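Q: Can you read through this structure? Questions will come right after.
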Amino acid sequence: MQDWSSQWFDFEDACYLDAAGQGPMPRVAIRAAEQALEWKKFPQRMPANAYFDLPNRVRASLARLIGAAPEETAITTGASAGLAAVAHGIDWKREDEVLVARGEFPAHFATWLPLQAAGALKVTVVSPRGRFITADDFLERIGPRTRLVSTSLARFDDSALLDAAGLARACHGAGALLLLDVAQCAGAMPIDARALGADFITGAGYKWLLSPYGTGFFWAPTERIEQMRPGPCYWTAIEGADKFHTLSQGGYRLGSGAGRFDAPETASFFNLSAMAASLEFLLRVGVEPVREHTQRLAAQVIERLPRDRFVLASPAAAGRRGPSVCIAARKAEDTAALFERLREAHVYVSLREGALRIAPHLYNSERDIDRMLAILSA
């Protein structure tokens, strides 16, 4: 496999294993961000078409990465924006039910619980029968009042991977919708939006998509977009918005497609210049090599984990696990102390729900796994 590590700046003396928290931008993205800063230093150098060409580049790349159409893909500030778009876009009835798994990322609860408090819908929390949430757990709870299942494709706390296609079929058979949060896997494993069967997909750009913080995307098929309730939008979603010289002469009709869900100031140059470069870099490398590399390093963690002191806190089978792998000390109180020990040794992972989440990328190697395991075994 080709060594891509030189495409990132040197991590100094750090061993960075936290792409699921913040994905470091590659060199090409840093250079693009620096160019965008120059545009604000010397605005006369800014290309006149940047307001539309830059978002169009990002939209096209995002669509390729998730197997979607550009016109069905919105540019947002993160996964929460997609959740909010769905929350606003559906005409809720008081008896409607939204299913959310126990321990799901807080953005889901922050979206649906306020609507429950306002009497707009009911939230039902689904608990797993086993150690990790599965599609079957949702299937057992889908009922005649279920309007939406809101769930992660790969969990943030244990990296459990959901059978989204099976869940989507069950949702649609019951007249319900499926919203998938792919923040913890988009860019690190192949995604085909249509094949997944979801009605909505939302994700963050700053993790596995290697983009700046404050970037993300939202996808919905054209037929769902047209069914959603219109709301306030950024002005570039208006038909003919790219004709600057006649803006005030238009009919102010909302354009078709997902652009209506774009974040305001869509062409935020500092963010999108770097995001465009990172996405194009990922497309050049290919998502499959990223998946193979992260799985290989995760497998080493699992195989070499000192089982007398640690337990695996993720599914063992690669097909049931996202790109991260989680471990925990056998004594729960020791996990946080081990996290601090790693940081003191300049080894960076995440501490999530009592487990260490290890998320390598192409800039990591077996030496990084060796270094981390040596500290954990000491």
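Q: Enter the accessible area of residue 228 (Å², nearest 10), with the probe set to 1.4 Å and all protein chains included.
A: About 10 Å², ignoring ligands and nucleic acids.
Q: Determine which lysines satisfy two conditions relative to residue 243: a Cα distance under 24 Å, and not lying fewer than 8 residues away in the same chain.
A: The qualifying lysines are 40.
Q: Still on this structure, please answer the following. Using 0.36 nm per residue, how much length does the chain from residue 95 to residue 125 gain when fully extended, once their Cα-Cα distance is taken away?
A: The span from residue 95 to residue 125 would gain 9.2 nm if fully extended.
Q: Keeping all protein chains in position, work out how much accessible area residue 303 exposes to a 1.4 Å probe, and write it in Å² to the nearest 10.
A: Number for this one is 140 Å².
Q: Go ahead and estimate [θ] at 222 nm for the chain from helices alone: -39,500 (n - 2.57) per DSSP H run with n ≥ 4, summed, over the residue count, rounded to 500.
A: The helix-only estimate for the chain comes to -11500 deg cm²/dmol at 222 nm.
Q: Taking the DSSP beta bridges in the chain as the whole, what percent of them are antiparallel, to the nearest 5?
A: In the chain, approximately 50 percent of DSSP beta bridges are antiparallel ones.
Q: Let me ask something additional. Under a GNM of the chain (C-alpha, springs under 10 Å), which listed residue has the highest mean-square fluctuation: 59, 27, 102?
A: 102
Q: Now for a separate question. Starting at the first residue of the range 47-55, write each ³J(HN,Hα) from the Karplus equation 6.51 cos²θ - 1.76 cosθ + 1.60 with θ = phi - 60°, in whole Hz, x for Gly and Pro.
A: Each residue's phi maps through the Karplus curve to give x, 4, 8, 4, 4, 10, 5, 5, x Hz.
Q: Any idea how far apart residue 317 and residue 331 come out in nm if each label point goes 7 Å out from Cα toward Cβ?
A: Result: 3.5 nm between the two label points.
Q: By how many nm would the segment from residue 71 to residue 34 grow when fully extended, if each residue of separation counts as 0.36 nm and the alpha-carbon distance is taken off?
A: Difference between extended and current length: 10.4 nm.
Q: For residue 116 and residue 242, compute 0.36 nm times the residue count separating them, minus their Cα-Cα distance, and round to one decimal in nm.
A: 41.4 nm
Q: Sticking with this structure for a sec: Dipole of the chain, Cα-centred, from +1 at each Lys and Arg C-beta and -1 at each Asp and Glu C-beta, to the nearest 20 debye? Intermediate values should be presented prior to the final figure.
A: Values: 42 positive and 43 negative charges, 64 e Å.
The dipole magnitude comes to about 300 debye.
Q: Next up: Report, by chain and number, residues whose modeled amide H sits under 5 Å from the one on residue 105, excluding near sequence neighbours (fewer than 5 apart, same chain).
A: 156
Q: Given the options 344, 71, 34, which has the most mean-square fluctuation in a GNM of the chain, springs set between C-alpha atoms less than 10 angstrom apart?
A: Among 344, 71, 34, the largest mean-square fluctuation in the Gaussian network model of the chain belongs to 344.
Q: Mind listing which trypsin sites (Lys or Arg not before Pro) in the range 193-259 are in a DSSP loop and have 15 or fewer other Cβ atoms within 10 Å?
A: Sparse-neighbourhood loop trypsin sites (Lys or Arg not before Pro): 243, 253.
Q: Got a sec to turn the phi values of the range 223-240 into Karplus ³J(HN,Hα) couplings, 6.51 cos²θ - 1.76 cosθ + 1.60 with θ = phi - 60°, whole Hz, x for Gly and Pro?
A: Computed from phi, the couplings for the range 223-240 are 5, 6, 4, 5, 8, 7, 5, x, x, x, 9, 6, 4, 6, 7, 7, 4, x Hz.
Q: May I pose another question? Compare the Cα positions of 28, 44, 7 along the charge dipole of the range 1-49 (+1 at Cβ of Lys, Arg; -1 at Cβ of Asp, Glu; about the Cα centre) and return the one farthest towards the positive end.
A: 44
Q: Can you work out the Karplus-derived ³J(HN,Hα) for every residue in the range 152-162? Use 6.51 cos²θ - 1.76 cosθ + 1.60 with θ = phi - 60°, whole Hz, and x for glycine or proline.
A: Result, ordered by residue: 8, 6, 10, 6, 7, 9, 9, 6, 4, 9, 8 Hz.
The values are calculated or read from the model by the stated rules, or taken from the named source; none is laboratory data. This one's a predicted model, so the numbers in the text were calculated from it and none came from an experiment. FYI the Cβ positions are ideal-geometry reconstructions off the backbone, even for glycines, and counts take in every protein chain you see. Heavy atoms of the whole protein, side chains included, go into the accessibility calculation; ligands, DNA and RNA do not. Shrake-Rupley method; radii C 1.70, N 1.55, O 1.52, S 1.80 Å.
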